[in-house]
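Chemist: Starting off with a structure, shown below.
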Amino acid sequence: MWRNTRESWGAVAKFLHWSIALLIFAQFALGWMAVSWRLSPTKLELFIWHKSIGLLVLTLVAVRILWRLANPAPAPPADTPPFERAAARTVHALLYVIMIALPLSGWVINSASGIPFRVFWWFPLPAIVATDKALAEAAKQVHFGLFIALAALLVVHIGAALRHHYAKRTDVLVRMLPLGRSRT
């Protein structure tokens, strides 16, 4: 089942969800290590990986949004209160906005810093802003703020999925698991 149904997520949506999730958690580790590492070739390698994976996340999120537009999400459980439906829509919308804004802010940092960069060592990434030290510093602050916001939203998102599974006993979590199937 490649496409979403009213009861469950399809294989493409699940693949994109879990691929992006794994890459984001890798980004947390890579970003933290890259900024903490002493200046060395290793630090530069960590940043290359972090920036390249960030652009991969941006690309996958764009694909996911297009796929989502063509494949509406499964319906929430029938007994989901309106405020929970609104909260879920809001958190998902914010997740998408931040998953786009975070790599874009990283791109601004790189461009404003005037650092040449090749994505996965293959092709050069064009600058999207002119070299500007003040802008690079401001973009770093935005990037870090977006990281904090994403981490907080992921806690809410994961917490809600676990609440649905363990406390409410719905299949919201199971239907997004790679081999999960809706109970209905």
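Chemist: Assuming R0 = 22 Å, can you tell me the calculated FRET efficiency for the pair Phe28 and Glu84, based on Cβ-Cβ distance, to the nearest 0.05?
Modeler: 0.20
Chemist: Also, quick follow-up: Give me Asp171, Asp132, Asp79 sorted ascending by neighbouring Cβ count inside 10 Å, so fewest comes first.
Modeler: With the fewest neighbours first, Asp171, Asp132, Asp79 line up as Asp79, Asp132, Asp171.
Chemist: Quick one: divide the alpha-carbon radius of gyration of the chain by 2.2 N^0.38 Å and tell me what you get.
Modeler: Dividing the Cα Rg of the chain by 2.2 N^0.38 Å gives 1.16.
Chemist: In which sequence would Trp9, Trp67 go, from the one with the fewest C-beta neighbours within 10 Å to the one with the most?
Modeler: Values: Trp9 23, Trp67 17.
By the 10 Å Cβ count, ascending, the order reads Trp67, Trp9.
Chemist: If you don't mind, another one. Can you list residues from other chains, or at least 5 along the same chain, whose modelled amide H is less than 5 Å from the amide H of Val119?
Modeler: Excluding prolines and chain starts, which carry no amide H, the hits are Leu125.
Chemist: Please return the longest stretch of the chain lacking exposed loop sites, where trypsin sites (Lys or Arg not before Pro) count only if DSSP places them in a loop and at most 16 other Cβ atoms lie within 10 Å.
Modeler: 39-167
Chemist: Highest GNM mean-square fluctuation, the chain, Cα pairs closer than 10 Å: which of Ile115, Ile24, Ile65?
Modeler: Most flexible of the set in this elastic network: Ile115.
Chemist: Turning to a different aspect of this structure: At what distance in angstrom do the alpha carbon centres of segment 65-81 and segment 88-161 lie from each other?
Modeler: The distance from the Cα centre of segment 65-81 to that of segment 88-161 comes to 26 Å.
Chemist: Which angle from 0 to 90°, rounded to the nearest 10, does the C-alpha axis of helix 11-36 make with the longest principal axis of the chain?
Modeler: 40
Chemist: Further, regarding this structure: Show which lysines lie in cross-link reach of Lys51 when reach means a straight Cα distance below 26 angstrom and same-chain residues fewer than eight apart are skipped.
Modeler: Lys14, Lys43, Lys133, Lys140
Read-outs throughout are calculated quantities, based only on the coordinates presented, and are distinct from any laboratory measurement. As the structure is a prediction and not an experimental result, all values here were calculated from the model. Neighbour counts are summed over all protein chains in view; Cβ atoms, including those assigned to glycine, are modelled from backbone coordinates with ideal geometry.
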